Amino acid sequence: MANIPAQTTAVTGTTLTSVTPSGGGDTVPVGAHALVRNGSASAITVTIETPGNDRYGQARPDIVTSVPAAGLVKFGPFDQDLADPITGVVKLTCSATATVELRVVAF
């Protein structure tokens with residue numbers, strides 16, 4: 001698991017650096033956006049872990065989204081209620097990592 005800091009952008013343009021997602025998931029800062037590019041021939045899923053329980057004591061469901069083959073999907077901004085209460089970061093996991101690019105940006 002890697003902690004991926006958000007890249008900032010400029011009016012004059014910014015080349016965004018991509019990383020390969022970690023097999024066990026990665027963490028991103030609250031307020032950031034994540035861009036996931038799937039370079040494979042089949043869809044993958046991205047899971048955003050949702051910590052805590054609802055007011056009835058039931059676990060809040062994770063957010064699971066499909067990224068189509070050769071697709072690019074933007075996630076975020078990530079709200080504070082998605083952050084782990086201990087670490088203060090949001091956990092994001094891609095179901096596959098080969099040919100997948102992850103960029104974390106502060107817009």
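We did not get these values from a lab; they are worked out from the coordinates using the rules stated. The model shown is predicted, which means the values in this text are computed figures rather than measured ones. Every residue, glycine as well, gets a Cβ built from its backbone with ideal geometry; the counts of neighbours run over all protein chains shown.
What size of dipole, in debye to the nearest 20, comes out for the chain about its Cα centre when the only charges are +1 on Lys and Arg C-beta atoms and -1 on Asp and Glu C-beta atoms?
The dipole of the chain has a size of about 200 debye.
Chymotrypsin sites (Phe, Trp or Tyr not before Pro), restricted to region 1-88: which are DSSP loop and have at most 11 other Cβ atoms within 10 Å?
Working: sites: Y56, F75, F78; in loops: Y56, F78.
Those satisfying the criteria are Y56.
Could you work out the relative contact order of region 33-107? I mean the mean sequence separation of Cα pairs under 8 Å and 6+ apart, divided by the number of residues, in percent. Walk me through the intermediate numbers first.
Values: 146 pairs, mean separation 35.7, N = 75.
Contact order relative to length: 48 percent.
Name the residue from V89, V67, A32 whose Cα lies farthest towards the positive end of the charge dipole of the chain, charges +1 on Cβ of Lys and Arg and -1 on Cβ of Asp and Glu.
Comparing the listed Cα positions along the dipole, V67 ranks first.
Place +1 on the Cβ of every Lys and Arg and -1 on the Cβ of every Asp and Glu in region 1-93, take the dipole about the Cα centre, and give the residue among L16, T45, Y56 whose Cα lies farthest towards its positive end.
Farthest towards the positive end: L16.
In the chain, which trypsin sites (Lys or Arg not before Pro) are in a loop and have at most 11 other Cβ atoms within 10 Å, using DSSP for the loop call? Before the final figure, lay out the partial values.
On the way: sites: R37, R55, K74, K91, R103; in loops: R55.
Sparse-neighbourhood loop trypsin sites (Lys or Arg not before Pro): R55.
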